Amino acid sequence: MLFLQLQLKTDFHDYYDHWFDREGQIFERMSHSGMSRREMFGFLEQIGLKTPPHGTPEQIFNTLSEQDKEAEDLGQTHDINFFHVVVYLDETAHRGEGKILVPLTEAMQKYPNAFCSLYYQTLLLGSTSLRYLQIGDKIFWLRYTSDDWRSNYGNVNIKILSQEKDKFHSNIYLPLFAVDFIFGPDFTWAIDINIAPGVKGTGVENILPAKEAVAAIKRWYQK
């Protein structure tokens with residue numbers, strides 16, 4: 001197999017960037033590239049992952065049970081798990097940006113046409129999520145925890161849970177991506193797919209040397 005030259009086109013810096021070539025095929029890693037938020041939810045469902053109720057605020061309201069709707073109409077919104085929504089003001093943003101958390105009734109009044117997803121609280125104080133990170137044929141599972149309602153925003157703690165056996169993903173045909181999940185006692189939802197995830201600062205850079213990270217991405221192009 002011929003040696004592949006791969007040059008990087010990006011709008012942010014990561015720890016492995018200096019091992020790319022100065023010429024050759026383009027590997028594009030742009031922070032606002034990829035699917036819009038509504039396209040993203042559809043794609044995640046298409047590959048068999050479960051997602052939280054999503055759509056306009058009214059569409060989400062219509063997914064609630066009749067008892068829930070009556071409580072919402074009466075203003076009895078004591079349970080944040082079911083009566084708040086994440087409103088995506090920027091459908092291409094990642095890293096906790098471009099979205100707000102508001103009560104469902106407020107979203108129906110102020111953001112009737114916005115794309116939203118039903119909010120599920122994952123911790124009593126703050127939030128947590130799981131990230132499936134794929135770099136070429138390298139796979140890691142990470143856990144994010146924060147004191148903010150967004151697990152990757154605020155005072156964030158990241159723990160590497162495992163490194164899986166090397167392989168390419170069977171349903172997602174990308175050289176670099178991350179899928180984020182929220183979870184609780186009775187739910188696990190896929191909520192995001194990022195095709196330009198930042199790796200520096202996660203701890204993965206202490207396990208996967210920069211040169212090998214680029215080599216893993218090149219193997220995706222050569223498979």
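Overview of values
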read-out: The stretch 176-198: number of residues that are in contact with a strand residue (DSSP E or B) (Cβ under 7 Å, 6 or more places away or on another chain) and assigned to a loop (DSSP other than H, G, I, E, B); value: 3
read-out: Per-region count, the stretch 119-145, residues of a type outside the set (A, V, I, L, M, F, W, C) and in a loop (DSSP other than H, G, I, E, B); value: 7
read-out: The stretch 18-31, subset surrounded by 15 or more Cβ atoms within 10 Å (Cβ to Cβ) and in contact (Cβ under 8 Å) with a residue 40 or more places away in the chain, residue farthest from ARG219 (Cα to Cα); value: SER31
read-out: Residues of the stretch 146-163 satisfying the condition of being assigned to a strand (DSSP E or B) and surrounded by fewer than 14 Cβ atoms within 10 Å (Cβ to Cβ); value: ASN157, LYS159, LEU161, SER162
read-out: Qualifying residue in the stretch 24-36 (condition: in a strand (DSSP E or B) and within 13 Å of ASP192 (Cα to Cα)); value: no
read-out: Out of ASP192, ASP186, sole residue that is open to solvent by 30 Å² or more (accessible area, probe 1.4 Å), at pLDDT below 95 and charged (D, E, K, R); value: ASP186
read-out: Considering residues of the stretch 8-23 that are of a type outside the set (Lys, Arg) and assigned to a loop (DSSP other than H, G, I, E, B) only, the residue farthest from ASN206 (Cα to Cα); value: GLU23
read-out: Residue satisfying condition, being among the small types (Gly, Ala, Ser), crowded, with 17+ Cβ neighbours inside 10 Å and at pLDDT below 85, within set GLY55, GLY34; value: GLY34
read-out: Qualifying residues in the stretch 81-117 (those that are closer than 14 Å to ASP192 by Cα and of a type in the set (Gly, Ala, Ser)) - the one modelled with the highest pLDDT; value: SER117
read-out: Selected residue (criterion: nearest to the chain's Cα centre (by Cα)) from residues of the stretch 98-122 that are open to solvent by 60 Å² or more (accessible area, probe 1.4 Å) and without any contact (Cβ under 8 Å) to a residue 24 or more places away in the chain; value: LYS110
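The values are calculated or read from the model by the stated rules, or taken from the named source; none is laboratory data. Predicted, not measured: the structure shown is a model, and the values here were computed from it. As a convention, Cβ positions derive from the backbone with ideal geometry for all residues, glycine included, and neighbour counts pool all protein chains shown. All accessible areas refer to the heavy atoms of the entire protein, side chains included, with ligands and DNA or RNA removed. Shrake-Rupley method; radii C 1.70, N 1.55, O 1.52, S 1.80 Å.
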